[in-house]
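First up is the structure itself, then whatever we jot down about it.
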Amino acid sequence: MLRTLCRAGGAVFKTSQQTAPRLWVTPAQQRWASRLPMNTVVLFVPQQEAWVVERMGRFHRILEPGLNVLIPMLDQIRYVQSLKEIVIDVPEQSAVSLDNVTLQIDGVLFLRILDPFKASYGVEDPEYAVTQLAQTTMRSELGKLTLDKVFRERESLNSNIVHSINQASDEWGIRCLRYEIKDIQVPPRVKESMQMQVEAERRKRATVLESEGTREAGINIAEGHKQAQILASEGEKAELINKAAGEAQAVLAKAEAKSKAIRLLSDALGEQNGNAAASLSVAEQYVSAFSNLAKESNTVLLPSNTGDISGMVTQAMTIYGTLAKQRPRVERMKTKTDEPESEEPPVQSTAAQ
């Protein structure tokens, strides 16, 4: 009887192992574990794994990493879930953008199991379900963007796909961490047109940059001419100001020297024998001027008595005497003009009348 029960139990174990569903495990795990662990009463669960145990066909508990004890015949390990981050390749698929361009796109999905119970009983094949969900979400998100925005907004596209997957996979106990687009292939004609567009854009940029360089060069040259003219005009202005200041100072110096000479001459005339000295100076100047007259001009005016030097000196002294007599008269007239007029007539004038 005991032998019969043992044989029956062994047959049941073999049948359960052969009919057990495939595990949702990584390819590395599939290489070394092709079937579920057997119930050997005492089990050691590896780290970052969760073993789902059923008792008599009903969920019983989840074995934690470490030492665990099960009841033979009654307890059965039904699922083994890996709690590590799992990488899934999303197969290449076709999608149509907003501007009706057909694209071939594939990606990589990174996810992790948060609840082994939901991952085991919430969906039949979690890997297949998440892959299909990623493909459909990718097609719907690409249909909202044009071709240019697909290449520019890959980061936002990835985040939108992750958000859509997480909304649906919460009931499966799975959390999508990242989604990355690996490759985007466009039709050959579209690629050629894109290359032509890029070349045209580059030529446009080169033309714009060349025109901006020509404009900047012209502006710089004009600014240089302007600054040169301003500096030249300022230099001429400073030169004229300095020249005028120098001429003014020369005139003032000449005037002051002449004034001092006149004062000295007047003081000398007031001294004894001053008139004789003045007469001698005038006679010398007269003779000198007469001698230089022929040097400065071709026309020479000669007096009737050229050989009479004494007569010429006498004539010059006569002119000087006349001027000397007129000088006191002029000074008296200036003195009378400067005196204030009296309101009452003078007494001498009344008496004379």
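Which peptide among 182-195, 220-233 comes first, and what is the full order, when sorted by highest mean count of other Cβ atoms within 10 Å?
On the way: 182-195: 12.1, 220-233: 10.0.
Ranking the peptides 182-195, 220-233 by packing returns 182-195, 220-233.
Which net charge results when you count Lys and Arg as +1 and Asp and Glu as -1 among the other residues whose beta-carbon is under 10 Å from that of GLN93? Taking every Cβ under 10 Å from that of GLN93, the sum is -1. Summarising the amide proton neighbourhood of VAL80: residues at separation of 5 or more, or on other chains, whose placed amide H is nearer than 5 Å comprise TRP24, VAL52.
Listed peptides 243-253, 171-181 appear in the order 171-181, 243-253 once ranked by packing, highest mean of other Cβ atoms within 10 Å at the front. A full extension of the chain between THR214 and LYS260 corresponds to an added length of 9.8 nm, given 0.36 nm per residue minus the alpha carbon distance. The C-alpha atoms of the range 83-237 occupy a region whose extents along the principal axes are 99, 37, 22 Å, arranged from largest to smallest.
Average accessible surface for the range 84-186: 51 Å² per residue, computed with a 1.4 Å probe over protein heavy atoms with every protein chain in place. Listed here are the pairs LYS144/LYS204; LYS84/LYS144; LYS149/LYS204; LYS149/LYS191; LYS118/LYS182; LYS118/LYS149; which of them are more than 27 Å apart at the Cα? Distance filter (> 27 Å) returns LYS144/LYS204; LYS84/LYS144; LYS118/LYS182; LYS118/LYS149. Note: relative contact order over the range 34-82, using C-alpha pairs below 8 Å and six or more positions apart, is 48 percent.
Cα centroid separation, the range 216-262 to the range 61-90: 102 Å.
Ordered from largest to smallest accessible area (heavy atoms of protein chains, 1.4 Å probe), the residues ARG139, ARG58 come out as ARG58, ARG139. A Förster radius of 35 Å, combined with the Cβ-Cβ distance separating GLN93 from ALA206, puts the computed FRET efficiency at roughly 0.35. Accessible-area rank, largest first, for VAL87, VAL45: VAL87, VAL45, with all protein chains present and a 1.4 angstrom probe.
The values are calculated or read from the model by the stated rules, or taken from the named source; none is laboratory data. Source: prediction; values computed, not measured. Quick reminder, even Gly has a Cβ in these numbers, built from the backbone with ideal geometry, and neighbours come from all protein chains shown. These area figures cover heavy atoms from the full protein model, side chains too; ligands, DNA and RNA do not enter into them. Shrake-Rupley method; radii C 1.70, N 1.55, O 1.52, S 1.80 Å.
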